[in-house]
Amino acid sequence: VNKSYNQLLNTGALINYATAQARAPGSTFKVIDASAIYDQAPQLASHIFKSVTSITLPLTTGVQLYNFAGENCGGNLAQVFARSCDTSFALVGQSLGAQKLYSEAAAFGFDRVPPIDLPQGEAAASNFPTPRDFGGDTPSLMKSAIGQENVTATTLQMALVAAGIADNGVIMAPHLLHQIVDNEGNVVETYRPHAWTRATSPSTALAVRKLMLGVTENSLGTAYGLFPPYQFPPVAAKTGTAQINARGCGTYNWLIATAPAGPGQTPTVAVAAIVPIPPGGSCIDVTGAQEAGPVVKAVLQKALAMQQ
């Protein structure tokens, strides 16, 4: 029995992947970049990013950072967010600097273990490096701004990011418990919802939610067409596709979403999903919307139907 148990531990089969497995969040981290813009550098909200396929990373001998699939990408903030332009958001990271990015990530719960009601060790902290960790390494900072390099997040953490944007900047404490009843059916304890942290202001949350709507409603958005209006209310979302290694052999494919997110609506559901493709698997043209999209779509549809 002990031998079998140890084998399960070594294979990771007993890990709660939703709460305890932190992976590179890829472009879903751009939700935090956008929040940092509105909170800490509002002048960037009106910046027009040059349309390029790649940029040269500073302090390197010509090392290039490319957009996904070498796409020519640029425009205003709404456009580069909808299209998920890596070049633009790498420059956002450079402009914001390590301290502002770190403080925004921390406000959303990074570098803390979410207070979910699970046994100790069943939930892990997500990580964004401190300014000291970067030590002036601007290329690393720019890669971190697009959710790669040394940035990691659990699926729970990215669901909380979506929930914070949905709930006017407040992230509620995640929980599984609803009620405790005794053997005679008497209610002993009922969970009381409470806030965990304020991630951002209501105005910033609304502004970012509008950007996320562009991901699904803009014809160039990375999740356009995934949530057809005859099946869904307006859905605010962000895709992510993080490479496991430099050759792109294997990816972490993400999608986070919240709904209903149209003008004047208050979102009631937030969902996050990651679908890994292991090293050695084909990752040509694989995207977050393509791989994680069907998962989020099914969960979101079911959750919204339960509220009717």
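Protein heavy-atom accessible surface, 1.4 Å probe, per residue over the chain: 47 Å². Between helix 155-166 and the chain, what is the angle of the helix's C-alpha long axis to the longest principal axis, kept within 0 to 90° and rounded to the nearest 10? For 155-166 against the chain, the angle is about 80 degrees. Length gained on full extension, residue 180 to residue 111, computed as 0.36 nm times the residue gap minus the Cα-Cα distance: 21.8 nm.
Note on residue 305 and residue 188: the model spin-label points, each 7 Å out from Cα along the C-beta direction, lie 3.5 nm apart. Rounded to the nearest 10 degrees, the angle from helix 98-107 to the longest Cα principal axis of the chain is 20 degrees.
For region 72-144, with only Lys/Arg (+1) and Asp/Glu (-1) charged at the beta-carbon, what is the dipole magnitude about the Cα centre, in debye rounded to 20? Let's see the in-between values first.
Details: 5 positive and 7 negative charges, 53 e Å.
Around 260 debye, computed over region 72-144.
Highest GNM mean-square fluctuation among 228, 25, 276, for the chain modelled with Cα contacts below 10 Å: 228.
Accessible surface for residue 111 stands near 60 Å², nearest 10, in the context of the full protein assembly shown (1.4 Å probe). Solvent-accessible area assigned to carbon and sulfur over the chain amounts to 54 percent, based on a 1.4 Å probe. Using C-alpha pairs under 8 Å with a sequence gap of at least 6, the mean separation divided by the residue count of the chain gives a relative contact order of 18 percent.
Between the Cα long axis of helix 293-306 and the first principal axis of the chain there is an angle of about 40°, rounded to the nearest 10. Restricting to DSSP loop positions (anything but H, G, I, E, B) with no more than 13 other Cβ atoms inside 10 Å of their own Cβ, which trypsin sites (Lys or Arg not before Pro) remain in region 1-100? Sparse-neighbourhood loop trypsin sites (Lys or Arg not before Pro): none present.
For region 130-152, the residues whose amide N sits under 20 Å from a probe point set 7 Å from the Cα of residue 61 along the beta carbon direction are 137-140. Rounded, prolate or oblate: which one fits region 92-232, using the alpha carbon gyration tensor with axes a ≥ b ≥ c (rounded when a/c is under 1.5, else prolate when a/b beats b/c, else oblate)? The shape class here is oblate.
The values are calculated or read from the model by the stated rules, or taken from the named source; none is laboratory data. Everything numeric here is computed off the predicted structure, so don't read it as measured data. Please note: Cβ atoms are built from the backbone with ideal geometry, for glycine as well, and neighbour counts cover all protein chains shown. For the accessible areas, the whole protein counts, side chains as well, though only heavy atoms, and no ligand, DNA or RNA atoms are used. Shrake-Rupley method; radii C 1.70, N 1.55, O 1.52, S 1.80 Å.
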